[in-house]
Amino acid sequence: MQFRVLNGDISEWNTDGIVYSASSTLLPTSPVSRKIHQRGGISFSAYCRHIGMCHVGHAVMTKGCQLKAAFVIHAVGPYWAGGKREEEKSLLSACREALDLAREKKLKYLALAPLSSADKGYPLRRGAAAVVPLLLTESGDFDRLDIVCADEREQAAYTEAAVFFWLHQLRDAPAGERDGLAAKSSTALALLQSREGTPDPIVLAGKVKAVDAIIQPFLQLTKPSLADVEQTALKIRALYSETERKGSSPWPRP
């Protein structure tokens, strides 16, 4: 599975299905949901009114109607209450139900907007740290999964969570499995912010090499500490810097 974290407008995503942060009433109550309803058209809003209600921690699916996505999954995440109401459990439950609905329709390319952060006050980095490991461990049957962020702050949080996921996997892996996992993680991280559906193999090889050059010293550590993980993560995240979008990329040139 190709897992990407990109900036964009999820209501314009050309994919099998999109998942967004919905209200319990399925009414448009946030900028993202308003765009989806507006572009989905009258029939789309009618589907939502017909369903009427979806409780926190659950998800429902409708057709995309006039959207580019064939299906829309309305995932109802929790409002943040300081962590006192099992918000993380509800957040992960909504994500799992969204994935299950996509599987039922045999969708292979799914795009998800961050749940509960922009509209319900869930701390962004905390939500990303919970959701990304779930998506990376429970979505292997999809061909591609995009996290579609509304701004660079969201993208940075979900990128950070993905980098930490792979580094923790490497740190905790048995010695005999580390080399194979390192190759897998280098490729995954090289593709993390790639906008090309099928990246140029030469360009991709250079990016994989750049990530691997950071990961290899980390692998040589007998028992990496949390500080080692954080320092390595900073080096990898520097590869996704703002300078790349402005034309001065830290990635090696082919």
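The values are calculated or read from the model by the stated rules, or taken from the named source; none is laboratory data. Being a predicted model, the structure only gives us computed values, none of them experimental. Please note: Cβ atoms are built from the backbone with ideal geometry, for glycine as well, and neighbour counts cover all protein chains shown. For accessibility, only protein heavy atoms count, side chains too; no ligands or nucleic acids. Shrake-Rupley method; radii C 1.70, N 1.55, O 1.52, S 1.80 Å.
Quick look at the numbers
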| item | result |
| --- | --- |
| Residue under evaluation THR29, criteria (1) at pLDDT 95 or above; (2) out of contact with any strand residue (DSSP E or B) (no Cβ under 6 Å at 6 or more places or on another chain), criterion not met | (1) |
| 3 or more residues within 15 Å of the chain's Cα centre (by Cα): qualifying strands (runs of 3 or more DSSP E) within region 4-119 | 17-21, 109-112 |
| Pair list, Cβ under 6 Å, 6 or more apart: region 37-59 residue over 16 Å from LEU101 (Cβ atoms) and of a type outside the set (Ser, Thr, Tyr), other residue open to solvent by 80 Å² or more (accessible area, probe 1.4 Å) and at pLDDT 95 or above | GLY40/GLN66; GLY41/GLN66 |
| From the options ALA213, ALA227, ALA156, residue that is within 22 Å of SER117 (Cβ to Cβ) and of a type in the set (A, V, I, L, M, F, W, C) | ALA156 |
| Qualifying positions in region 181-222 - free of Cβ contacts under 8 Å to residues at least 12 places away in the same chain, within 16 Å of LEU170 (Cα to Cα) and either in contact with a Leu (Cβ under 6 Å, 6 or more places away or on another chain) or assigned to a loop (DSSP other than H, G, I, E, B) (or both) | GLN220, LEU221, THR222 |
| Residue check for ARG195: of a type in the set (Lys, Arg), surrounded by fewer than 19 Cβ atoms within 10 Å (Cβ to Cβ) and within 20 Å of LEU6 (Cα to Cα) | yes |
| Residues that are closer than 22 Å to PRO78 by Cα and in contact with a Ser or Thr (Cβ under 6 Å, 6 or more places away or on another chain), drawn from region 22-52 | SER23, THR29, LYS35, ILE36, HIS37 |
| Subset of region 127-142 (residues that are open to solvent by 10 Å² or more (accessible area, probe 1.4 Å) and small (Gly, Ala, Ser)) | ALA129, ALA130, GLY140 |
| Residue in region 143-166 that is assigned to a helix (DSSP H, G or I), of a type in the set (Lys, Arg) and crowded, with 16+ Cβ neighbours inside 10 Å present | no |
| In region 16-40, the residues that are touching a Phe, Trp or Tyr at 6+ places or on another chain (Cβ under 7 Å), under 25 Å from LEU135 (Cα atoms) and open to solvent by 10 Å² or more (accessible area, probe 1.4 Å) | ASP16, VAL32 |
| Selection from region 172-184 of residues that are in contact with a Phe, Trp or Tyr (Cβ under 9 Å, 6 or more places away or on another chain) and open to solvent by 70 Å² or more (accessible area, probe 1.4 Å) | LYS184 |
